[in-house]
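Novice: Sharing a structure, written as structure tokens. Questions coming.
Read-outs throughout are calculated quantities, based only on the coordinates presented, and are distinct from any laboratory measurement. Quantities reported herein were computed from a predicted structural model and do not represent experimental measurements. Cβ coordinates were reconstructed from backbone atoms using ideal geometry, including for glycine residues, and neighbour counts include every protein chain displayed.
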Amino acid sequence: MLRTVEIMAWVRNHFEKGYAANTRETIRRFTLHQFAAALLIVQNPDQPDRPINSPNWCYQISSAALALLRTVREPGFDQRVQSYLTEIPGLRQQYSRAREMNRIPVTLPTGGAITLSPGGQNILLKQMIEEFCSRFTPGGQVLYIGDADDKYVVLEAETLKRLGIVVQQRGKLPDLIVYLPDQNWIVLLEATSSHGPVDATRHQELSALFRDSQAA
């Protein structure tokens, strides 16, 4: 099992191909994600519920792919490739089910249900939605929920637009946006494990993002 930075070091040591440290995210997004989608590799086999933003996120070649690749020069390899490709959809479903089992179920104030990726700030985010909102924003409508695994797990873009809020810089958004129609209030909430305290700098960012809001 290797983290992205360790994979880069392995490539450098074995193939004399060096990558700059700031290309780590590019390699993760445009190579490792594709390998995972094809089930050439599995993610976090040691801890499937590892938070998506954990520095310990790691990858390991799948047992099926490894068994296949070890027979590249042996007779019957082409037939084994075809068998492997036939099995991939079923293996992918098994892997997806295992990942889904570790997701965090969340009940929205309206009674609807969603799931968030496991661990990290989402444990706190679940409490914010289910406990804070029921106490302090009764009747509120959740317009946005930020999830490290799926930034737009909830995004009521049309309602936000009607309120004068256009979502462009998703990385700048707070973790949770709730709208109270009776008071015409927008409530912005952040999980402290995500951004830290709302200091003067963060307050300025949020003020700029929501300066055209028609809600208070």
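Novice: Given a Förster radius of 45 Å and the C-beta distance between residue 141 and residue 69 as r, what FRET efficiency does 1/(1 + (r/R0)^6) yield to the nearest 0.05? Can you show the working numbers first?
Specialist: On the way: r = 51 Å, r/R0 = 1.13.
E between residue 141 and residue 69, to the nearest 0.05, is 0.30.
Novice: Go through 204-213, 31-40 and give me the packing order, highest mean Cβ count within 10 Å leading. Before the final figure, lay out the partial values.
Specialist: On the way: 204-213: 13.2, 31-40: 14.8.
The densest-packed peptide leads the list: 31-40, 204-213.
Novice: With an 8 Å Cα cut-off and a minimum separation of 6 or more residues, compute the relative contact order for the chain in percent.
Specialist: Details: 255 pairs, mean separation 28.9, N = 216.
In percent, rounded to a whole number, it is 13.
Novice: To continue, here is another question. When the dipole is taken about the Cα centre of region 104-209, and only Lys, Arg (+1) and Asp, Glu (-1) are charged at their Cβ, what size is it in debye, to the nearest 20? Mind dumping the intermediate values first?
Specialist: Working: 8 positive and 12 negative charges, 35 e Å.
I would put it at about 160 debye.
Novice: Round to the nearest 0.05 the FRET efficiency obtained for residue 22 and residue 182 when R0 = 45 Å and r is the Cβ-Cβ distance. Display every interim value, and only then the final one.
Specialist: On the way: r = 48 Å, r/R0 = 1.06.
With R0 = 45 Å, the Cβ-Cβ based efficiency is 0.40.
Novice: Still on this structure: Given the C-alpha atoms of the chain, compute the convex hull and give its volume per residue in Å³.
Specialist: Numbers: hull volume 33.0 nm³, N = 216.
Normalising the Cα hull of the chain by residue number yields 153 Å³.
Novice: What nm value, rounded to one decimal, do you get for the distance between residue 6 and residue 88 when each label is placed 7 Å out toward the C-beta?
Specialist: Roughly 2.6 nm, to one decimal.
Novice: Given +1 on the Cβ of Lys and Arg, -1 on the Cβ of Asp and Glu, and no further charges, what dipole in debye does the chain carry about its Cα centre, rounded to the nearest 20?
Specialist: On the way: 23 positive and 22 negative charges, 116 e Å.
That gives a dipole near 560 debye.
Novice: Right, here's the next one. Residue separation times 0.36 nm, minus the C-alpha to C-alpha distance between residue 81 and residue 201: what's the value? Present the calculation step by step, with values, prior to reporting the outcome.
Specialist: Values: separation 120, 0.36 × 120 = 43.20 nm, distance 5.48 nm.
Extending this stretch completely gives an extra 37.7 nm.
Novice: If only Cα atoms are counted, what is the Rg of region 1-54, and what is its Dmax, in Å?
Specialist: 11.7, 34
Novice: Same structure, new question: If you plug each phi of region 154-165 into the Karplus form 6.51 cos²θ - 1.76 cosθ + 1.60 with θ = phi - 60°, what whole-Hz ³J(HN,Hα) values come out, in order, with x for Gly and Pro?
Specialist: 9, 8, 8, 4, 5, 5, 4, 4, 4, 8, x, 10
Novice: Something else: Can you tell me what the convex hull of the Cα atoms of region 4-101 projects to on average, as an area in nm²? Numbers along the way, then the final one.
Specialist: Numbers: hull surface 29.3 nm².
Averaging across all directions leaves 7.3 nm² for the Cα convex hull.
Novice: Please state, as a whole number in µm²/s, the translational diffusion coefficient that the Stokes-Einstein equation yields for region 104-209 at 10 °C and 1.306 mPa s, with Rh defined as the Kirkwood radius across alpha carbon pairs. All intermediate terms of the calculation are to be shown ahead of the outcome.
Specialist: Values: Rh = 14.1 Å.
The Stokes-Einstein estimate is 113 µm²/s.
Novice: Hey, another quick one. Assuming R0 = 45 Å, what is the FRET efficiency of residue 123 and residue 166, from their Cβ-Cβ distance, to the nearest 0.05? Before the final figure, lay out the partial values.
Specialist: Working: r = 30 Å, r/R0 = 0.67.
After rounding to 0.05, the efficiency reads 0.90.
Novice: Given the options 141, 200, 41, identify the residue whose Cα lies farthest towards the positive end of the charge dipole of the chain (+1 on Cβ of Lys, Arg; -1 on Cβ of Asp, Glu).
Specialist: Highest projection toward the positive end goes to 41.
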